[in-house]
Amino acid sequence: MQSPIRVLRSSISRSPASASIFEFVLVSTLAVALIGSSIANPLNPSPPEAPPVQTQPVASSAVAYPLKASSNKRYLVDREDRPFLMIGDAPQTIITNLSVAEAATYMANRRSYGINTLWINLLCNFSEACNRTAVTLDGIAPFLDAGDLSRPNPAYFERADTIIKLAASHGMVVLLDAIETSSWLPVLRAAGVDRAFAYGQYLGRLFKDDPNIIWMHGNDFQSWRSRTDTALVQAVARGIRSEDPVHIHTIELDYLTSGSLDDPTWAPLIELDAAYTYFPTFAQVLTEYNHPDFRPVFLVEANYEFEHNPYTDGGSTRNLRRQQYWAMLCGATGHVYGSAYTWRLEKDWKRNLDTTGALELRLMRDLFAGRKWYDLIPDQDHRVVIDGYNALAEYVGKLVAHVGNLQLQSRLVASAKRLTRLSSVGDNTYAATARSIDGTLVMTYLPSPRTVTVDMSGLTGPAHARWFDPTDGSYSAITGSPFANIGSRQFRPPARNAAGDSDWMLVVETTPPPKSR
């Protein structure tokens, strides 16, 4: 295999407009750091493709919970083996910060945007959005003695169960974080492994009959490399599983970038892989997709709308679109959107539900839900889009993200992101592509305008090609469509989309596109 530096040199020679001497020196340095690290080289070829599963899409209202991994371990399916496209929001503090009536209002609104998944912390993380006793609005505390896991308050957990059942009535699955780790690790440490296990048993018994749950662990779990801390969190997971063997589990590890399988000790405990990243999302999602012990991967967290945390690129709507389209075209079974207003659910939350980010999330959902998204294979070898995908942006995004995974100081990683414009979400212009395994569909997301060359010969017949505008959901016809499935063809998007930005999705499909799409 070629070295990363040699690949980068060839990438620069093919993409001179994207290259600079400084970028080459910086990226070469990062490549050397990568070679010397214990992390797998992101330039390794992808694993063999799993065969497709004969399944049919399902509307969120018809989901037969609980969820599980598909037989090829590439996406989630419901109890009837129908693919589940995860479209999520993160109302992490909903149990403590909203009344049941307010929660119903929130859920009805999110359902109107096609959202079918809610990340909820069973115990809210301490912040300006949650007090340290984690009591509900009407004064119900989670423990009879503050912070004592051995004395859960039945009234609090019954309230939580009410919220979970309310989500079920809206057709939603709950990513239920049993004891999130950004705030509650001191409580776990004080409890010890045995009490942590017993707490998990309590949760497993209480919630095992709620079908619409995915058990979640972690949350900004920066100390997961501590075997002591991990043993405590895993004790909760094992306790849950001892009483509830049905529901699947996942874990969010640490920022600035991680995947659940970074810690191999979680592999026996989880069925769903959570990618968490503040870098161009294609890098971390592809890392998980290519893992030797892969399982369905979803983008659990990236930049949130209306937030700009230190060392990140912020949640502009342009960044949000890039995050979610990159993830979907790189093998994800879905994506959890987030907003500063909806995760905190403070006083202004009702006025900030109908946002551009939520609308564009629904447009993304509609685009994929009407097609066989679950049969899409990432075009990692660039056999479909053979030119114009921006090789340098791809390699820089992967290398910088993997160096970020090395636990270097955040300020050093942030400096690298500032100094090379291709390593941030807002500046990286990699055009991700996916193709269906049966040769009927190709989708390419272009963050910026350029001409791309598509090898048409992999399609099973003449193909209709259109540009999809991710900001208003409209389609633009391409002159000459449908095109023969021979040779290669160049495509260039319109100059600006409806929002005045320059990102577009190329959709090439052999089935005549319905008027409703």
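Computed from the coordinates by the stated procedures, all read-outs in this text should not be read as laboratory data. Note that this is a predicted model, so its numbers are computed, not measured. Note that each Cβ is placed from the backbone with ideal geometry, even for glycine, and that neighbours are counted across all protein chains shown.
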_Whole-Hz ³J(HN,Hα) for each residue in the stretch 373-390, computed from phi via Karplus 6.51 cos²θ - 1.76 cosθ + 1.60 with θ = phi - 60°, x for glycine and proline: what do you get?_
4, 6, 9, 6, 10, x, 7, 6, 8, 6, 8, 9, 8, 9, 7, x, 7, 6
_GluC sites (Glu not before Pro) within the stretch 147-246, DSSP loop, no more than 11 other Cβ atoms inside 10 Å_ = none
*Search the structure for amide H atoms under 5 Å from the amide H of M86, placed 1.01 Å from N in the peptide plane, and list their residues when 5 or more places away or on another chain.*
G334, H335
_List the residues, sorted by chain then number, that are 5 or more residues from I214 or on another chain and whose placed amide H is less than 5 Å from its amide H._
V174, L175, L176
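Assign one of three labels to the stretch 86-370, namely rounded, prolate or oblate, based on the Cα gyration tensor with a ≥ b ≥ c the square roots of its eigenvalues; rounded applies when a/c is under 1.5, prolate when it is not and a/b is larger than b/c, and oblate otherwise.
Details: a/c = 1.57, a/b = 1.18, b/c = 1.33.
Cα axes put the stretch 86-370 in the oblate bin.
Distance check, please: which entries in K165/K347; K68/K347; K73/K165; K73/K398 exceed 32 angstrom between their Cα atoms? Working shown, then result.
Working: K165/K347 24 Å; K68/K347 36 Å; K73/K165 28 Å; K73/K398 23 Å.
The pairs that break the limit, which is 32 Å between Cα atoms, are K68/K347.
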*State the Cα centre-to-centre distance between the stretch 107-124 and the stretch 258-301 in whole Å.*
22 Å
_Calculated from backbone phi, Karplus (6.51, -1.76, 1.60) coupling profile of the stretch 298-308 in Hz, x at Gly/Pro_ = 9, 8, 7, 7, 8, 5, 9, 4, 6, 10, 8
*Amide H within-cut-off set for I377, under 5 Å, with H built and near neighbours excluded*: R435, S436, I437
_Which aspartates and glutamates, if any, have their Cα less than 12 Å from the Cα of K350, not counting same-chain residues under 8 positions apart?_
E102
_Using Cβ counts within 10 Å as a stand-in for footprinting exposure, how do V425, V77 rank, fewest first?_
V77, V425
*asked:* As a footprinting exposure proxy, order T451, T287 by other Cβ within 10 Å, with the fewest listed first.
replied: T451, T287
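Tell me the Kirkwood radius of the stretch 243-398: reciprocal of the mean inverse pair distance over distinct alpha-carbon atoms, in Å. Before the final figure, lay out each step's value.
Numbers: mean 1/r = 0.0599 Å⁻¹.
The answer is 16.7 Å.
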_What whole-number distance in Å separates the alpha-carbon centres of the stretch 361-386 and the stretch 466-502?_
15 Å
